[in-house]
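No value in this document is a laboratory result; all are computed from the given coordinates. Small disclaimer: the values here were computed from a predicted structure and weren't measured. For neighbour counting, all protein chains shown are included, and Cβ atoms are generated from backbone atoms with ideal geometry for every residue, glycine included.
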Amino acid sequence: MELKKKLEENLKILDEALGISKSFDVVNREIIIANKKASLLFIDGFAKDDIMLYIMKILQNLEPKDFRRYIVEKLMREKIPYLEVEASKDIDQIKFMILSGALTILIDGEEEAIILDVRTYPARGPEEPDLERVTRGSRDGLTETIVFNTALIRRRVRDPKLRFEMSKIGRRSQTDVVVGYIEDIANPKLVEDIKEKLDQIDTDALEMAEKSLEEFILGRNWNPLPQARYTERADVAAAHLFEGHIIIMVDTTPSVMILPVTIFHFTQHAEDYYQNPAVGTYMRWVRLFGMFLSLILPPLWLMLVYNKGILPEWLKFIGPKETGKIPLFIQFLALEIGIDILRIASIHTPNALTTSLGIIGGLILSEFAVKVGWFIPETVLYMAIASMGMFATPSIEFSMAIRIFRLILLICTGLFKSIGFFGAGVCLLIVLIRTKSFGGVSYLWPLIPFNKKGLATVLFRKPIPEIRYRPDFLKTKDIDSAPPKDTTPK
């Protein structure tokens, strides 16, 4: 539908669509422009007041002699000193721009509206993300405003081939979604696959922002292993762009989705690269060891206790002298649930009280539980070590996957002892092998398929000048002959 010539008819159409007369924040400011009635339509809270006042002052001082015809064109070319301005006849576009925060000027007798992008969103400043803190390095994290995020990334990636392609998803929410990639580095097939997935999304809104988007892109999947990595750090997003990855940004959220990824992208942290190579390598090994203990320690200890009679002499110390009033298997399950309750409670607790909650949950409750005989010290100790390994995991999504697999191992070991432990372990290995990242990428690369150089960059934090490797699934034909770059997740 296109605009009419009469201002009253246009206002009536927009009132029915936007509820101008009902919603207090949809503002219709009536003014006179060169003896013609005009209306300024905008959302209160989105428009910049100083720019609005400046434009209104110019418009209200115009004389009829300044205009004989082509009023809209002449206003845009000569009278409105603003950069982001366009004309439109399409009512649907006008409605969307008003709801997005733009200023729309309707003039009686004109079939075109003037749209000025004067919007400003309520936003916080770039702060260091709580989940990705580093001892050294930049402190400017991404925010909930997509334009701020693209600017933070462009500050680090001044490559003329960097592309940010925007689309709108959600019939009602019309959420801005941006696909970012470096044109001559990223695999064009993967870029096209992602854009096709986005075009096929049919939903009212992205309620959970990037998480809802992930489930549309990667499909319905009950596998707890994450297949997309998230980051709130602009430097991490920039590093992945240089490696050939594709990032997806959703307005109203500070997280950036990175595709495609492998399991080792969830085991590394920016801190590794802000330290000396030897220190970074040590930290990486300690982190991997902690994650392995988080997965295997409680069920492995339980399995060894069930088979204490066949243990060699040097392992006889394993297992308690007394098992307590509750079976060991049930003790571990209760501790698992208790730790999750404590974690959930800490999320819902004000910051000023989180320390007190940790002391109560971690010290007082566990101490009294041991004293009254609910738990034995060994189960509390091993579950505490496993929890430390889980919290040491850089990716919260991957740490929760470890948590689910540990619970499965515990249940199978408690019910079927050794057979359950090894059977669940084999099933876990099969799940890892069969899991594919976006584009059919092997989740266990560079182990499967085996790649010596790729595995070396995963296990060792090499000096920056030596990092020059990118895997095949991130290469393009145009750069195959160029010196390869590193694909090590940051």
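The table below lists the values:
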{"item": "Label assignment, P(r) over Cα pairs in 20 Å bins from 0, in percent derived from the structure, set (i) 22, 48, 24, 5, 0; (ii) 19, 41, 28, 10, 2, 0; (iii) 25, 61, 14, 0", "result": "(ii)"}
{"item": "Taking only Cα atoms of region 130-262, radius of gyration then Dmax in Å", "result": "14.3, 43"}
{"item": "Calculated [θ] (222 nm, deg cm²/dmol) that DSSP helices of n ≥ 4 give over the chain, each run adding -39,500 (n - 2.57)", "result": "-13500 deg cm²/dmol"}
{"item": "Acute angle (nearest 10 degrees) that the helix 188-199 long axis makes with the longest principal axis of the chain, alpha-carbon atoms", "result": "70 degrees"}
{"item": "Pairs of lysine residues in region 7-116 - Cα separation under 16 Å, sequence separation of 8 or more or cross-chain", "result": "15"}
{"item": "Cβ-based net charge around I404, under 12 Å, with every Lys or Arg adding one and every Asp or Glu removing one", "result": "-1"}
{"item": "Where only alpha carbons of region 272-436 are counted, the Rg and the Dmax (Å)", "result": "17.4, 51"}
{"item": "Formal net charge of residues neighbouring S294 (Cβ-Cβ distance under 9 Å; K, R +1; D, E -1)", "result": "+2"}
{"item": "0 to 90° range, to nearest 10: angle between helix 234-243 axis and the chain longest Cα axis", "result": "80 degrees"}
{"item": "Between region 1-72 and region 118-180, the Cα center-to-center distance that results, in Å", "result": "32 Å"}
{"item": "Most positive-pole-ward Cα, Q200, S167, P260, against dipole of region 130-262 from beta carbon charges", "result": "P260"}
{"item": "In Hz, Karplus ³J(HN,Hα) per residue of region 339-348 (6.51, -1.76, 1.60; θ = phi - 60°; x = Gly, Pro)", "result": "5, 5, 4, 5, 5, 5, 5, 5, 5, 8"}
{"item": "Given the chain, longest segment not containing exposed loop GluC sites (Glu not before Pro) (DSSP; at most 11 other Cβ within 10 Å)", "result": "323-490"}
{"item": "Estimated FRET transfer efficiency when R0 is 30 angstrom, pair S418-R133 (beta carbons, to 0.05)", "result": "0.15"}
{"item": "Within region 290-305, backbone nitrogen closer than 16 Å to the virtual label 7 Å beyond the Cα of L365 toward Cβ", "result": "none"}
{"item": "Net charge, K36 excluded, C-beta distance under 10 Å - Lys, Arg +1, Asp, Glu -1", "result": "-1"}
{"item": "Cα-based helix-to-principal-axis angle, 7-18 vs the chain, degrees rounded to 10", "result": "10 degrees"}
{"item": "Unit charges on C-beta of K, R, D, E only; dipole of region 211-277, Debye", "result": "220 debye"}
{"item": "Potential lengthening between T252 and K436 on full extension [0.36 nm per residue; Cα-Cα distance subtracted]", "result": "63.3 nm"}
{"item": "Label point distance in nm, L304-S21, each placed 7 Å from Cα along Cα→Cβ", "result": "7.8 nm"}
{"item": "Separation in nanometres of the label points that stand 7 Å from Cα toward Cβ, at L99 and I448", "result": "4.6 nm"}
{"item": "The chain - charge dipole about Cα centre, Lys and Arg +1 at Cβ, Asp and Glu -1, debye rounded to 20", "result": "1480 debye"}
{"item": "Cα-projected label distance for N28 with I396, points at 7 Å along beta-carbon direction, nm", "result": "4.4 nm"}
{"item": "Förster radius 60 Å - calculated FRET efficiency between I337 and L53 (Cβ-Cβ, nearest 0.05)", "result": "0.55"}
{"item": "Extension gain (nm, one decimal) between M208 and N351, 0.36 nm per residue minus Cα-Cα", "result": "49.1 nm"}
